[in-house]
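Below is one structure, written out as structure tokens, with a few remarks after it.
The values are calculated or read from the model by the stated rules, or taken from the named source; none is laboratory data. In this text the structure is predicted, and so the values were computed from the model without any measurement. A quick note on method: Cβ atoms are made from the backbone with ideal geometry, for glycine too, and the neighbour counts reach across all protein chains shown.
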Amino acid sequence: MKYVLMYTSRPDLAAGADPEAAQALYKRVYEWFGENAGVMADSGAELLGVETATTVKHGDDGAVVVDGPFNEAKEVVGGFSVIDVPDLDTAIAVTRTWPLLDLPGVAVEIRPMVEDYSHMEQ
């Protein structure tokens, strides 16, 4: 089954991180992707900062384009990967080894992907 891993963080908490320690963690991130290459279903993507975001949202007269994210969440999605593993327990086991979980405010959201749309066919 395929799962999307959404890597989130709290920029307000990350701002206080020691730069040398953060650099060492990012080295571990690259190693982590190598160690888990067998379950990666795509190459994933790191996203640029939330300040570069553009949001298209519902408006009274149709779609409206606004600068920045529209939600008021403290957490931001910094990137994502798709993994292909047998079950949620395996997805959790892989995710628990994400090196950046050593930093405050970091989380990884795991969501199963819809892969079969046959129920929508009429």
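Residue by residue, here is whether (1) over 28 Å from E115 (Cα atoms); (2) under 14 Å from the mean Cα position of the chain (by Cα) holds:
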residue	(1), (2)
Y26	yes, no
E35	no, no
V39	no, no
G44	no, yes
G62	yes, no
Considering residues that are surrounded by 14 or more Cβ atoms within 10 Å (Cβ to Cβ) and either of a type in the set (A, V, I, L, M, F, W, C) or over 20 Å from T8 (Cβ atoms) (or both), the number found within segment 105-122 is 4
Any residue in segment 81-102 that is within 29 Å of L13 (Cα to Cα), of a type outside the set (S, T, N, Q) and touching a Ser or Thr at 6+ places or on another chain (Cβ under 7 Å)?
no
Could you please let me know if D102 is of a type in the set (D, E, K, R) and surrounded by fewer than 14 Cβ atoms within 10 Å (Cβ to Cβ)?
yes
Would a scan of segment 85-92 turn up a residue that is over 20 Å from Q23 (Cα atoms), in contact with a Lys or Arg (Cβ under 8 Å, 6 or more places away or on another chain), loosely packed, with under 12 Cβ neighbours inside 10 Å and in contact (Cβ under 8 Å) with a residue 24 or more places away in the chain?
no
Subset of segment 49-63 [at pLDDT below 90 and loosely packed, with under 12 Cβ neighbours inside 10 Å]:
G49, E51, T52, T54, V56, K57, H58, G59
Taking the condition surrounded by 12 or more Cβ atoms within 10 Å (Cβ to Cβ) and either closer than 27 Å to D116 by Cα or polar (S, T, N, Q) (or both), does V76 pass?
no
